[in-house]
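Here is the structure we will look at, set down as structure tokens.
The values are calculated or read from the model by the stated rules, or taken from the named source; none is laboratory data. Small disclaimer: the values here were computed from a predicted structure and weren't measured. Please note: Cβ atoms are built from the backbone with ideal geometry, for glycine as well, and neighbour counts cover all protein chains shown. These accessible areas exclude ligands, DNA and RNA; they are computed on the full protein's heavy atoms, side chains included. Shrake-Rupley method; radii C 1.70, N 1.55, O 1.52, S 1.80 Å.
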Amino acid sequence: MIPWLVTEVTGRYASLINAMIRLAKLEDAYQIAETQVASWKTTYAGQIPQAYLNELSVPKREAIWSQVLTDTNQRVLVAEKSGEIVGFSNFGPCRDSDQLSGVGELYAIYLIEKFKRRGIGHELWSQTSDLMLKLGYREVPLWVLNTNKQACNFYEKLGFKLDSTQKQDKIGGQTVVELRYRLRLGQHKKLTN
């Protein structure tokens, strides 16, 4: 664990958050999987096929997260509240072929529904972006479903901008459109007290 990363939140959101942001450990894989499955089921309801959401499996996701947590190119941060992981972020090198070296990518940031709109997502992003800067990333793109207005609004409040790049993907047999947002790190917005 990196000592500077363990953060007890103070200031503007302290009374709401009361959470700790830290680097994930291999033994967190199960709780990260639970958080991802719970978040997907509420976030993507009505946006991707319900049958796909119903089939999401914590044990299958746990196996995926166990691999991610041993990948030295990726980092995962968790938001922990009273010993429970309530959110996480995941990032690493950008996977887009049109990007230069030194560009990271935010692969995921998810929270359990009842912990949204409490400042935890903002603090999780703040710690994630700080770590990305320390690791030498200067720019960060991310992909979001065009139907996920809540996420689009969240990223826009943080200073991310659409870069006009779109891609199509299939989720549960349904074609979805993803939009690429990007942000120059070091110039991003931080919420202040």
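Accessible area per residue, 1.4 Å probe, Å², for the chain: what's the number? Each step should come with its number before you reach the end.
Working: 9870 Å² over 193 residues.
I get 51 Å² per residue for the chain.
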Review point. Say a paramagnetic label sat at a point 7 Å from the Cα of LYS134, along Cα to Cβ; which residues of the range 18-36 have their backbone N under 16 Å from it?
Key: 20-25
Point to revise | Over the range 60-165, relative contact order from alpha-carbon pairs under 8 Å, at least 6 apart, % | key: 20 percent
Review point. Which of the GluC sites (Glu not before Pro) found in the range 23-62 are in a DSSP loop and have at most 11 neighbouring Cβ atoms, other than their own, within 10 Å?
Key: GLU55
Practice item. Mind checking which of GLY92, SER129, ALA51 is farthest towards the positive end of the chain's charge dipole, using Cβ charges of +1 (Lys, Arg) and -1 (Asp, Glu) about the Cα centre? Key: SER129
Practice item. With a 1.4 Å probe and every protein chain kept in, tell me what percent of the accessible surface of the chain is carbon plus sulfur. Key: 49 percent
Revision key, fill the gap. Candidate cut points under trypsin sites (Lys or Arg not before Pro) in the range 75-109, DSSP loop plus at most 16 other Cβ atoms within 10 Å of their own Cβ, are ARG95
Review point. Hey, how many Å between the Cα centroid of the range 52-106 and the Cα centroid of the range 154-181?
Key: 17 Å
**Study point:** Isotropic mean projected area of the C-alpha convex hull, the chain (nm²)
**Key:** 10.7 nm²
Point to revise | Residue pairs, from the table LYS25/LYS134; LYS114/LYS134; LYS116/LYS161; LYS60/LYS134, whose Cα atoms sit over 29 Å apart | key: LYS114/LYS134; LYS60/LYS134
Check your understanding: Does the range 80-193 classify as rounded, prolate or oblate by the C-alpha gyration tensor (a ≥ b ≥ c root eigenvalues; a/c under 1.5 gives rounded; else a/b over b/c gives prolate, otherwise oblate)?
Key -> oblate
Review point. Using 0.36 nm per residue, how much length does the chain from LYS60 to GLN174 gain when fully extended, once their Cα-Cα distance is taken away?
Key: 38.9 nm
